[in-house]
Amino acid sequence: MNDAIAKELEVLWADFDKYDVNQKLDSSERIGQIATKEDLPQLISALKSERNDFWTRELLAHPISELGGSKYLQELFDALEKNYEEGHDNDNLNFFLTEIADSEPQLCKKELLRLIDSSNFKYKNRAKWLLEFCD
């Protein structure tokens, strides 16, 4: 576990009376600067944490999408769905997904098709939407 990331996660998850928006954004930026591919399991675990809200899920999706790309589409779709369920528009998360499709179109397309063919994948329509960006 990367202790520096763990420290920054605590800032993200803290109440706003302890850290303000700018401090949380700075913390998110630091996570993006220090995280490596080796930290992806920690970031994915954090993304799945019940301590998140829509905003922290979007903040965590950024380094995950940049470092992990298509490999973590399932987890990013899970976060996207959770945010939709909570009534949020997911502008940033949708942007990160389209950036994955744009930056690695063949890998993304391959993973999306695998997910769509999976019987237990719940986001087939969203995956089909993202396929449009893989050209």
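The values are calculated or read from the model by the stated rules, or taken from the named source; none is laboratory data. What you see is a predicted model; the values in this text were computed from it and never measured. Using ideal geometry, Cβ is built from the backbone for each residue, glycine included, and neighbour counts are taken over all protein chains shown.
Just checking, does the range 92-99 include any residue being at positive phi and not aliphatic (A, V, I, L, M)?
no
For the structure I just gave you, tell me whether L107 is at pLDDT 95 or above, out of contact with any Phe, Trp or Tyr (no Cβ under 9 Å at 6 or more places or on another chain) and surrounded by fewer than 20 Cβ atoms within 10 Å (Cβ to Cβ).
yes
Only one of D78, D89, D102 is surrounded by fewer than 20 Cβ atoms within 10 Å (Cβ to Cβ), farther than 22 Å from D15 by Cα, free of Cβ contacts under 8 Å to residues at least 12 places away in the same chain and in contact with a helix residue (DSSP H, G or I) (Cβ under 9 Å, 6 or more places away or on another chain); which?
Selected residue: D89, the only one of D78, D89, D102 that is surrounded by fewer than 20 Cβ atoms within 10 Å (Cβ to Cβ), farther than 22 Å from D15 by Cα, free of Cβ contacts under 8 Å to residues at least 12 places away in the same chain and in contact with a helix residue (DSSP H, G or I) (Cβ under 9 Å, 6 or more places away or on another chain).
Of the numbered conditions (1) touching a residue at least 40 places away in the same chain (Cβ under 8 Å); (2) farther than 12 Å from S70 by Cα, N120 satisfies every one except a single condition; which is it?
(1)
Pairs under 8 Å by beta carbon, first residue more than 13 Å from I5 (Cβ to Cβ) in the range 48-62, partner assigned to a helix (DSSP H, G or I) and of a type in the set (S, T, N, Q), six or more apart or different chains?
As it stands, the answer is F54/N83; R57/N83; E58/N83; E58/N92; A61/N92; H62/S28; H62/N92, since those pairs meet every condition given.
Looking at S27, S65, S70, can you tell me which residue is more than 30 Å from K128 (Cβ to Cβ), of a type in the set (G, A, S) and modelled with pLDDT of 95 or more?
Within the list S27, S65, S70, the selection yields S27.
In the range 1-45, which residue that is crowded, with 16+ Cβ neighbours inside 10 Å and among the hydroxyl-bearing types (S, T, Y) is farthest from N92 (Cα to Cα)?
Y19
For the structure I just gave you, tell me whether F133 is modelled with pLDDT of 95 or more, over 21 Å from L9 (Cα atoms) and not in a helix (DSSP H, G or I).
The answer is yes for F133.
Between residues in the range 1-30 that are closer than 18 Å to H62 by Cβ and free of Cβ contacts under 8 Å to residues at least 60 places away in the same chain and residues that are among the aliphatic types (A, V, I, L, M) and assigned to a loop (DSSP other than H, G, I, E, B), which pairs lie under 7 Å by C-beta distance while being six or more apart or on different chains?
Correct list of pairs: I5/A35.
Based on what the data block shows, is L73 over 23 Å from W13 (Cβ atoms), crowded, with 20+ Cβ neighbours inside 10 Å and in contact with an Asp or Glu (Cβ under 6 Å, 6 or more places away or on another chain)?
It is true that L73 is over 23 Å from W13 (Cβ atoms), crowded, with 20+ Cβ neighbours inside 10 Å and in contact with an Asp or Glu (Cβ under 6 Å, 6 or more places away or on another chain).
Consider A79 carefully, then state whether it is out of contact with any Gly (no Cβ under 9 Å at 6 or more places or on another chain) and under 22 Å from T98 (Cβ atoms).
In short, yes.
Give just the number: which of (1) within 30 Å of R114 (Cβ to Cβ); (2) surrounded by fewer than 16 Cβ atoms within 10 Å (Cβ to Cβ); (3) of a type outside the set (K, R); (4) more than 11 Å from the chain's Cα centre (by Cα) does E66 not satisfy?
Of everything listed in (1) within 30 Å of R114 (Cβ to Cβ); (2) surrounded by fewer than 16 Cβ atoms within 10 Å (Cβ to Cβ); (3) of a type outside the set (K, R); (4) more than 11 Å from the chain's Cα centre (by Cα), E66 misses just condition (4).
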